[in-house]
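The values are calculated or read from the model by the stated rules, or taken from the named source; none is laboratory data. Since we're looking at a predicted model, the values are computed, not measured. Please note: Cβ atoms are built from the backbone with ideal geometry, for glycine as well, and neighbour counts cover all protein chains shown.
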Amino acid sequence: MSETFLERKRTGWDVAVGALLAVGGLVLLGHAAFATTVSVLFIGWMLLAGGIIGLVGSFFRIGKGDFWSAALSGGLLAVLGLMMLRNTEAAALTLTLIAGALFLVSGIVRLVVGVETPEYRIPLVFAGVVSTVLGLIVLFNLVTASYVLLGVLLGVQALVDGITMMLIGRWHVGHVHLPGRAAHA
């Protein structure tokens, strides 16, 4: 009999992949405008592919009651993907507006929670101030930020993920053999 569990450990592959991610993050940060364009195009292609798959899948649901909702959602995803592919600048501007609004709202929420929670007040207020300031910077410089923000966010995320993977590894499935336990029927 054996028992399965998850454990966090670091292997040589984790260090290698983490180093590649960190280098990739630095490259993305160095070419943030190009990374923004590529990320918008990637999202557009994924939306288009998901929409087409949703449309095709909806035809297998004819007569089962949810054909129209599946067809409509697939069609909307496909149209959204086409719009993003045809208008990458407008899509980058829209995604930057959403990111700025998320920064601002999450910052305000953290500030409110920080004021109401005495035990975690300092880190919550600090995180709230940083998020609120980031949101305001993005929203007040929307057009300028739309050229680089998505690339910078992608680069920072890849860099942090790479460093984290190099330092602590990732989750692996472990097995423990339990001697003397018989299976009960």
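For (1) over 30 Å from PHE140 (Cβ atoms); (2) part of a helix (DSSP H, G or I), each residue gets a yes or a no:
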{"position": "VAL38", "(1), (2)": "no, yes"}
{"position": "ILE52", "(1), (2)": "yes, yes"}
{"position": "GLY63", "(1), (2)": "yes, no"}
{"position": "LEU77", "(1), (2)": "yes, yes"}
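Considering only the stretch 80-98, state which residues are over 14 Å from TRP45 (Cβ atoms) and either in contact with a Lys or Arg (Cβ under 7 Å, 6 or more places away or on another chain) or among the aliphatic types (A, V, I, L, M) (or both).
The answer is ALA90, ALA92, LEU93, LEU95, LEU97, ILE98.
Run ILE168 past the list (1) touching a strand residue (DSSP E or B) at 6+ places or on another chain (Cβ under 7 Å); (2) modelled with pLDDT of 90 or more and report the number of the one that doesn't hold.
In the conditions (1) touching a strand residue (DSSP E or B) at 6+ places or on another chain (Cβ under 7 Å); (2) modelled with pLDDT of 90 or more, ILE168 misses (2) alone.
Checking the structure you have, find out if any residue of the stretch 5-14 is of a type in the set (Ser, Thr, Tyr), at negative phi and without any contact (Cβ under 8 Å) to a residue 40 or more places away in the chain.
Within the stretch 5-14 (the criterion being of a type in the set (Ser, Thr, Tyr), at negative phi and without any contact (Cβ under 8 Å) to a residue 40 or more places away in the chain), the answer is no, since none of the residues qualifies.
Are any of the residues in the stretch 140-148 part of a helix (DSSP H, G or I) and more than 29 Å from LEU21 (Cα to Cα)?
Within the stretch 140-148, one or more residues are part of a helix (DSSP H, G or I) and more than 29 Å from LEU21 (Cα to Cα).
Any chance the stretch 106-119 includes a residue that's surrounded by 18 or more Cβ atoms within 10 Å (Cβ to Cβ), at pLDDT 90 or above and within 30 Å of LEU20 (Cβ to Cβ)?
No, the stretch 106-119 contains no residue that is surrounded by 18 or more Cβ atoms within 10 Å (Cβ to Cβ), at pLDDT 90 or above and within 30 Å of LEU20 (Cβ to Cβ).
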